[in-house]
Amino acid sequence: MLQPERNYMRLYYVVIGLLLLSYVYFFSLMGLENNPYYGDEYFYIKNAEAFSETGSLKASFTYSGRGSKIGEFDAHGPVYPLLYGGIGKLFGYDFQLISKVNLAILLLSLFLFILSMEKLSTKLIQIILILSSPFTLFYAFSLLPELIHLGGAIILYYLYESYHRSSRGRDLWILVSFILLLGLFRSTWLFALIGLVPFLWNGRRSLVLVLIFSIPILTWLLQTNFHEGVVNVFSEMKYWFGEGNWSVLFDTIFFNIKRNIYFLFTYSEGAFYAIWKIWLFVSLILGFLLIAKDKLVLSGILMLAVTFLFTLVFYKFYKWTEWRMMLPLTVFLNLRIIAAFPSQYYYKGLLIINGLAFLFLIPFQYELIQLRKNYQTKTISKDLVSHIKTLEQPLIQIDTLALTGFALEQLPVVNQKGQVIRYILPYYEMELKEASHFLEIQEGQLMMRSKNIRSQ
């Protein structure tokens, strides 16, 4: 090994060591307790708890009280409660296990990645990219499942690379099966099937056509049937199609695009968020410049571009949504650029921009951990918990003021008969199912009111 290369290797190990120390530091600040802070976290922890205690995937926490058309799952689908609750059945359920499961899946993906056939120096650079991603640091201390999606992107890259090297039918079907599995966690992962087009175009064009037409259909069917509908353009399209009101449909889509473009270029949670957007665009630009030189870069561009366009047209570029949707695939594309062009300056620019976002996230992450640790919520009385458990198949709507003021993780999800207790958390302006009971704040405490009493 030449001396300059040895020096670079030492530098890589030093950088990885420093990155790991930063994670150790934040884990030491966070401690063992990781209580819910964002509203979506309650859905993951309570619906997993419901499955762990009853074996039913019927959602306890919902947005509307209805759940999905098939199975009555929440907006995130049935797989998360199946995963978290299933592990809870084996080892005893504690919602603190969720962040540990997410971290374990990421570490497993990194271990698999280390076994890849890339050069050691290339793998070290790729690991630096993953660890220095602000996405990794931010969600390492969250009950949200985004580390699962990052780990999914890493494994997806590994499987795509394996198929790229071998062109074997077995590797192809392993890859397709994994994409379908990811689609159960988040339906937009099905867009990753479009990455097969460069590999199949010359010899299997009929299969390419099947993919192109099946991807939007599968995504639509999965999202509209197995996920509770929320207010966004994609989930609401079925109503406009049913009514045949095409003018409203196109007006809404056009307005959504304008709004997303505005937030894309103006809205930021901080400097790290703005730098991440720069990283996204630089990755896309480099990818487009290099697509003629590497088939897997083209795959990464297709997957990221389709996800970007879907988010722009049908979803949203605010409230962290675009970050969660696109960053895992941005990592995928970056991993390939690093592997395919190790002697070029392309990846160095990507690493620098990514690293800057990481550095600017550090004070934000410190503040967020302090907010999590010091987040004050009122305890729900044991008498109220006991009373809720006596109710038979209730539908309980929670006062919007109580959504952030009380420890909702303390609410029971199963009654005395072993039935799932269903709650409505009205985060969205949408039609709600008529509730049988209401949890309201009275004299600073959370109190139960039945529908009949409330209407008097």
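A few remarks follow.
- Flag for Phe310 being in contact (Cβ under 8 Å) with a residue 12 or more places away in the chain, assigned to a helix (DSSP H, G or I), in contact with a Ser or Thr (Cβ under 9 Å, 6 or more places away or on another chain) and closer than 24 Å to Leu196 by Cα: yes
- Leading residue by the ranking (farthest from the chain's Cα centre (by Cα)) among those in the range 279-294 that are assigned to a helix (DSSP H, G or I) and buried (at least 16 other Cβ atoms within 10 Å of the Cβ): Leu290
- Selected residue (only one of Ser28, Ser64, Ser60 is among the hydroxyl-bearing types (Ser, Thr, Tyr) and closer than 30 Å to Phe360 by Cβ): Ser28
- If you check Ile362, Ile380, Ile398 for being among the aliphatic types (A, V, I, L, M), out of contact with any strand residue (DSSP E or B) (no Cβ under 8 Å at 6 or more places or on another chain) and at pLDDT 90 or above, only one passes: Ile362.
- Qualifying residue in the range 245-265 (condition: closer than 22 Å to Pro328 by Cβ, in a loop (DSSP other than H, G, I, E, B) and at pLDDT below 90): no
- Flag if Phe51 is hydrophobic (A, V, I, L, M, F, W, C), surrounded by 18 or more Cβ atoms within 10 Å (Cβ to Cβ) and in contact with an Asp or Glu (Cβ under 9 Å, 6 or more places away or on another chain): no
- Subset of the range 328-358 [without any contact (Cβ under 8 Å) to a residue 12 or more places away in the chain and in a helix (DSSP H, G or I)]: Lys348, Ile352
Let's see how each residue does on (1) in contact with a Phe, Trp or Tyr (Cβ under 9 Å, 6 or more places away or on another chain); (2) in the same structural domain as Leu137 (by TED's automatic domain parsing); (3) over 17 Å from Asp294 (Cβ atoms):
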position: Met325; (1), (2), (3): yes, yes, yes
position: Asn334; (1), (2), (3): yes, yes, no
position: Tyr347; (1), (2), (3): yes, yes, no
position: Leu351; (1), (2), (3): no, yes, yes
position: Leu356; (1), (2), (3): yes, yes, yes
position: Tyr366; (1), (2), (3): yes, yes, yes
position: Ile369; (1), (2), (3): yes, yes, yes
position: Thr390; (1), (2), (3): no, no, yes
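- Residue among Thr219, Thr188 that is assigned to a helix (DSSP H, G or I), at pLDDT 90 or above, polar (S, T, N, Q) and under 20 Å from the mean Cα position of the chain (by Cα): Thr188
- Candidates Lys119, Lys123, filtered to the one that is within 21 Å of Tyr346 (Cα to Cα) and without any contact (Cβ under 8 Å) to a residue 60 or more places away in the chain: Lys123
- Restricted to helices (runs of 4 or more DSSP H) entirely inside the range 71-180, those with at least 2 residues that are among the aliphatic types (A, V, I, L, M) and farther than 17 Å from Asn34 by Cα are 79-91, 97-114, 120-131, 146-166.
- Residue pairs whose Cβ atoms lie under 8 Å apart, separated by 6 or more positions or on different chains, with the first residue in the range 215-231 and surrounded by fewer than 17 Cβ atoms within 10 Å (Cβ to Cβ) and the second of a type in the set (Val, Ile, Thr), are Asn225/Ile70.
- Within the range 371-389, considering residues that are under 27 Å from Gln419 (Cβ atoms) and hydroxyl-bearing (Ser, Thr, Tyr), the one surrounded by the most Cβ atoms within 10 Å (Cβ to Cβ): Thr377
- Restricting the range 88-104 to residues that are closer than 28 Å to Gly229 by Cβ and among the hydrophobic types (A, V, I, L, M, F, W, C), the residue that is surrounded by the fewest Cβ atoms within 10 Å (Cβ to Cβ): Val101
- Counting only strands (runs of 3 or more DSSP E) that sit wholly inside the range 366-456, not one has at least 3 residues that are among the small types (Gly, Ala, Ser), within 20 Å of Lys58 (Cβ to Cβ) and over 31 Å from the mean Cα position of the chain (by Cα).
The values are calculated or read from the model by the stated rules, or taken from the named source; none is laboratory data. Predicted model only: the values in this text are computed from it and were never measured. Quick reminder, even Gly has a Cβ in these numbers, built from the backbone with ideal geometry, and neighbours come from all protein chains shown.
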